[in-house]
1. The conditions are (1) at pLDDT 90 or above; (2) under 27 Å from Leu89 (Cα atoms); (3) among the small types (Gly, Ala, Ser), and Ser20 fails exactly one of them. Which is it?
2. Please work out which one of (1) under 30 Å from Phe90 (Cα atoms); (2) modelled with pLDDT under 85; (3) among the small types (Gly, Ala, Ser) is the condition Ala182 fails and give its number.
3. Find all pairs meeting these conditions: Cβ atoms under 9 angstrom apart; at least six residues apart or on different chains; first residue within region 163-182 and within 11 Å of Gly142 (Cα to Cα); second residue surrounded by 14 or more Cβ atoms within 10 Å (Cβ to Cβ) and acidic (Asp, Glu).
4. Anything in region 32-47 that is surrounded by fewer than 16 Cβ atoms within 10 Å (Cβ to Cβ) and either of a type outside the set (Ser, Thr, Tyr) or part of a helix (DSSP H, G or I) (or both)? List them, or say none.
5. Kindly indicate the residue of region 162-183 that is assigned to a loop (DSSP other than H, G, I, E, B) and small (Gly, Ala, Ser) and also least open to solvent (accessible area, probe 1.4 Å) among those meeting that condition.
6. Identify, please: which residue in region 143-155 is open to solvent by 20 Å² or more (accessible area, probe 1.4 Å) and assigned to a helix (DSSP H, G or I) and is, among those, farthest from Ile172 (Cα to Cα)?
Amino acid sequence: TEAQFFGLLGFEETDLASTSPETRENAREFIEYALRFATAFEYIPKNPEEAESFFEKKLAAFQERLQDHVGKLPPFHIGLGIVMGTYVLFANSGDITILSITEQVINNLGELHGGGPLHFGTFRSGTLVPHSYLLIIPKRLGTILKSEELKLLARSRSSEAKLPPLKRLIEIRAGQSIPFKAILLEARPSVARPTESTESSIAQLLKTAATTEELLAPPLLRPLIKNLKLTANK
C-alpha cells in the first residue's frame, strides 16, 4: 500500500570491457551522478493524479541533466518508476525489461521504450493485478529465464527466496558467475479497515488493559488501570 520508487540503471559490462580505463572511470562517475539525482523521485505525492504529474516533471528534468553528462559513453540502460499499491507508472530506456508476473500470466510492460543513449520517449501507467509482482531486470538476463521459472516468483511464499534461485539458473546456463541485478516489488492493494464504534473501542481498551495487568502486574500499575477503567466508563 505504500508508494515505492524503483530504479535500475547501468552499463553493460561487455560494452565497458573494450573501452579505455578513462571511459570506465567516467562511466562510474556518471552512474554515481545519476543515483544522486534519482533521489528527487523519492518524495512521492499520495494522490495518484498528483504522483503522475510529479513523475512526468521529475523524469523530464532527470533526462535533461543526464544527457548533459552522458558524453561519449556506451549505451546507458535505465528503468525508473513508482508503484503505489497496485498502481504503477514508469519509463525505461535501453534494454531494461519490466515484467508483471502472476502465477498464471507474465506481461512484458517495457517493450515500448526509448532508444538512443538516453531517451525515455513517454512514460506508461496502469493498474497491476493485486499481489502480482513487478520484476525489473536487464533484458540480457531476462531472456535466459523461462516463463515457468519466472512464475515461481509469484508462487514462492518466501520473499527472501525469490531472486536467488533465478540468479543460480542464469549462472548455470551462462556457465559462469555473472553480475545479477534485479528489482522485485509486490503490488499490494490498500486494505479497507472498518470504523469501530465508541463502545467497541472502549471494550478493546479494557481488554488490552486487563491483559497488560495480568502479564506485568507490578504494584504501581493497578491504580493506573483502575483510573483508566473509570475514565473509559465515563
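1. Failed condition: (2).
2. Against the list (1) under 30 Å from Phe90 (Cα atoms); (2) modelled with pLDDT under 85; (3) among the small types (Gly, Ala, Ser), Ala182 comes up short only on (2).
3. From residues that are within 11 Å of Gly142 (Cα to Cα), the pairs are Phe180/Glu171.
4. Answer for region 32-47, where residues must be surrounded by fewer than 16 Cβ atoms within 10 Å (Cβ to Cβ) and either of a type outside the set (Ser, Thr, Tyr) or part of a helix (DSSP H, G or I) (or both): Glu32, Tyr33, Leu35, Arg36, Phe37, Thr39, Ala40, Glu42, Pro45, Lys46, Asn47.
5. First, the residues of region 162-183 that are assigned to a loop (DSSP other than H, G, I, E, B): 162, 175-182.
Still in the list and also small (Gly, Ala, Ser): 175, 177, 182.
On the way: Gly175: 68, Ser177: 97, Ala182: 28 Å².
Here the answer is Ala182.
6. Of region 143-155, the ones open to solvent by 20 Å² or more (accessible area, probe 1.4 Å) are 143-144, 146-149, 151-152, 155.
Filter again for assigned to a helix (DSSP H, G or I), leaving 147-149, 151-152, 155.
Numbers: Ser147: 17, Glu148: 17, Glu149: 14, Lys151: 19, Leu152: 17, Arg155: 22 Å.
For region 143-155, the residue satisfying everything is Arg155.
The values are calculated or read from the model by the stated rules, or taken from the named source; none is laboratory data. All figures in this text were calculated on a predicted structure; none of them were measured in a lab. With ideal geometry, Cβ positions are generated from the backbone for all residues, glycine too; neighbour counts draw on all protein chains shown. Side chains are part of the model used for accessible areas, which takes the heavy atoms of the whole protein and leaves out ligands, DNA and RNA. Shrake-Rupley method; radii C 1.70, N 1.55, O 1.52, S 1.80 Å.
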